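Asker: Input: one structure, supplied below.
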């Protein structure tokens, strides 16, 4: 894994100098119960109920999940079935705002004194990784410090996807929250060192964070070359600490906890205010956005159509949740902003893959793979249904970054084959 591959991209950080603005409250809020990569929640409200800002509206007993809260005060209009972008169904709660903006009496700063109270507080906040993966954050803190001692907190500020600048704005606008969150996590979990990892195409963020930690002997800023996918968990751990997370291991197995920069800033904000995760900073951009591109603090559950209308979108052919490398295509602009949404990108170009030709065995897919996998061999093993071969090729290490497809001169859909092969293994 020492090569770490990667590809050079044009980053199109058009909105990097656009300060975050608060987006308007939409006519209705539509919140799917699947907001993390774990189990979906179950609604604890019903049609006709009145809700207030920050009120818990859904929860589950599942460990791998986090509760959901209302970003508005208003009335529950309906609870319906929702089709996720991954093809799974879940309930969704529709709320009509009343314009009163009444806060729930349940909102109050949590009492955090030890590991257990931190884990409880982070779960109750509804926090899932804000870098886009939506991994429930409290689970990252639920390791056994005796069995897997952790000595380094890695803050992932790479933001290596093109167009997205929401994390960059977090650095510039919430630098004090970032440091406050880092110190809180370090203190409660007993983690002595911290590495703040930032790509070198963000010099203002690097300079500001270095100024903030000037008097610290336990926090460092690590400047990384601007190379996709520097923000991938295994990659940022290696670049930040020199440690390798092997197949089957978690970051805690090498003494590391990784948090996205917006995630750690939110932890500080929640500890101070008690306001749960009900709004999300995101970037609105793309070639179809003709006005008002920028960074916005948007209520979770806001229909994407509202953002596109505000952006003066014209001739829209493709809309993405997230960046163009790992983003997910939006099949209906009635779909809402989720907790994990760090960008809404709209393009006037049809993003369709060129016609694939025969593999020329150039090896570019292997050289660009951050994990030194062999995508062309994985494709062959998948097509022949060679289960043992797929295991030997360490298929499950693939993080679907798309570098292999991007680099392939024959335009072969290698990343797609990797995901199909994973599904085959799981079956």
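Asker: When you check residue 292 against the structure, is it on the phi > 0 side of the Ramachandran plot, at pLDDT 95 or above and either in the same structural domain as residue 324 (by TED's automatic domain parsing) or crowded, with 24+ Cβ neighbours inside 10 Å (or both), yes or no?
Answerer: yes
Asker: Do we find that residue 111 is farther than 24 Å from residue 24 by Cα and either assigned by TED's automatic domain parsing to the domain that holds residue 44 or not in a strand (DSSP E or B) (or both) in this structure?
Answerer: Judged against the criteria, residue 111 is a match.
Asker: Answer with yes or no whether residue 251 is closer than 22 Å to residue 324 by Cβ, surrounded by fewer than 24 Cβ atoms within 10 Å (Cβ to Cβ) and either touching a strand residue (DSSP E or B) at 6+ places or on another chain (Cβ under 8 Å) or without any contact (Cβ under 8 Å) to a residue 12 or more places away in the chain (or both).
Answerer: no
Asker: Looking at (1) touching a helix residue (DSSP H, G or I) at 6+ places or on another chain (Cβ under 7 Å); (2) under 23 Å from residue 400 (Cβ atoms), which is the one condition that is false for residue 222?
Answerer: Every condition holds for residue 222 apart from (2).
Asker: Also: Might you let me know whether region 286-306 holds any residue that is closer than 30 Å to residue 81 by Cβ and free of Cβ contacts under 8 Å to residues at least 40 places away in the same chain?
Answerer: yes
The values are calculated or read from the model by the stated rules, or taken from the named source; none is laboratory data. The structure presented is a predicted model; accordingly, all values stated were derived computationally and were not measured. Please note: Cβ atoms are built from the backbone with ideal geometry, for glycine as well, and neighbour counts cover all protein chains shown.
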